[in-house]
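Enquirer: Sharing a structure, written as structure tokens. Questions coming.
The values are calculated or read from the model by the stated rules, or taken from the named source; none is laboratory data. Everything numeric in this text was worked out from a predicted model, so none of it was measured. When we count neighbours, we look across all protein chains shown, and the Cβ atoms used for this are built from the backbone with ideal geometry, even at glycine. Heads up: the accessible areas ignore ligands, DNA and RNA and are worked out on the full protein's heavy atoms, side chains in. Shrake-Rupley method; radii C 1.70, N 1.55, O 1.52, S 1.80 Å.
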Amino acid sequence: MPNPNGTAAVDTSAARVPCDDCGGLVPKDNISVHRAACSRRRRHQDTKESDIGSTSSSSVNLLTAYILWCLGGVFGLHHAYLNRPYQGLGWYATAGLFGWGLLRDLYRMPYYVSLARSSDDRNSDVAAKVRAATVQARNGVPRVSLVRIMLMGLFGTYFGWVASCLVALPQAEEEGGARLLWWTDNDAVYGLLRALGTAAGVWLVGNMGEETIMTRGGIDISSSAEFARLAVCCLASFAILDRPVLGGIYYAVSRRRYRLSMMCPTTSPVTRRLGRHLLSCAVFTALLAVATYNHGSIVVNDQKVYFHDALRNAVNSEFWHAFNWTQFREESSSGDRRGGGGGGDYLKNVFDLRCKTDAGSGDRCVSRRGSCCL
């Protein structure tokens, strides 16, 4: 719609203005909502400081961050301390990104600390001012990072494998297919868990550091709704291309934004941040243990034995009823003299790690209790 003077009208709805409190670049239409959110954060911070003193995020310092890096950097403790929970969990899941991430944190630590400090401390921090200027110059949208895309593929595949292993048991070559748990008889649950695990891995990388996929229009949106959209993209990509990570990467890259809350640090105490990090690490460890139980294996006498089969056969073994310590000691001593397996061979036979073939049942594999262990 042209103006009366003949010039084209300028649409100011997409104009962005800086927030006076946090310095973030916010669309003009949403500045009032964003300033109200900043005001609530500031009032919450003042209340917390009066209750817990210096335990808020404004109390972070470089020396403590380096100490946590030295003591528990491979577990992501320094990232949890600096209010970077996603990066902390990612470091725990990959042992400090296989060591490379720890080396990078060694020289990036001062910058991380500057972003985690309170607004008053950042006013005199050069790194924080440069970051705010970069956000404003980029209009709130960071550059596409090839390294971040590669990490999305790595973590998406890794977490998708872990999630799928919660359901699918190892393949049985003699049966010609994958064996599922008793409560599912199709691949629907397997595909759903793989897509959800992939979405979790992409979500983790997409929200690491200064970037996020949880910001729209200058305000933080619901994380559950955004994760649901990401999971739907991964599930659609899995159904069409059999590659859920491709859909997840496309969605995360297209929705990338600078994290506004990085300029308004949360006021949770250090103990709470570390506690949440330890809880998330414990949950991941439990899921990884279940996946390893389902798919892990050892080799006994040139035959692969899965952990769940070995554990079940060990529990059902006659060891608990008829272990002969005298025979074990005799075979151990004789084995040492002959150079053979000795007591180790006796333990293998007692625990019955491998299934025995019943002469009367053909090729059917039966355990000592008469039921097939596979």
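Enquirer: Once you list every other residue whose beta carbon is under 13 Å from the beta carbon of Leu230, what net charge do they have if Lys and Arg are +1 and Asp and Glu are -1?
Expert: Charge balance in the 13 Å sphere: +2.
Enquirer: Less than 13 Å Cβ to Cβ from Tyr81, Lys/Arg counted +1 and Asp/Glu -1: what total charge do the surrounding residues give?
Expert: Taking every other residue near Tyr81 into account, the sum is +4.
Enquirer: Another one. Per residue of the range 62-79, what does 6.51 cos²θ - 1.76 cosθ + 1.60 with θ = phi - 60° give for ³J(HN,Hα)? Whole Hz please, x for Gly and Pro, Karplus curve as stated.
Expert: Per-residue couplings from phi come out as 5, 5, 5, 4, 5, 5, 5, 5, 6, 7, x, x, 5, 9, x, 5, 5, 6 Hz.
Enquirer: Here's a follow-up. Which cross-chain or sequence-distant (5 or more) residues have an amide H under 5 Å from the amide H of Val300, H modelled 1.01 Å from N in plane?
Expert: Counting only residues 5 or more places away or on other chains, the set is Val305.
Enquirer: In whole Hz, with x marking every Gly and Pro, tabulate ³J(HN,Hα) for the range 289-298 from phi via Karplus 6.51 cos²θ - 1.76 cosθ + 1.60, θ = phi - 60°.
Expert: Rounded to whole hertz, the list is 5, 5, 5, 5, 4, 6, 10, x, 8, 10.
Enquirer: Enumerate the amide H contacts of Glu211 below 5 Å, restricted to partners 5 or more residues apart or on another chain; note that Pro and chain-start residues carry no placed amide H.
Expert: Arg259
Enquirer: Ordering Trp69, Trp91 by how much accessible area each has at a 1.4 Å probe, largest first, what is the list?
Expert: Ranked list, largest accessible area first: Trp69, Trp91.
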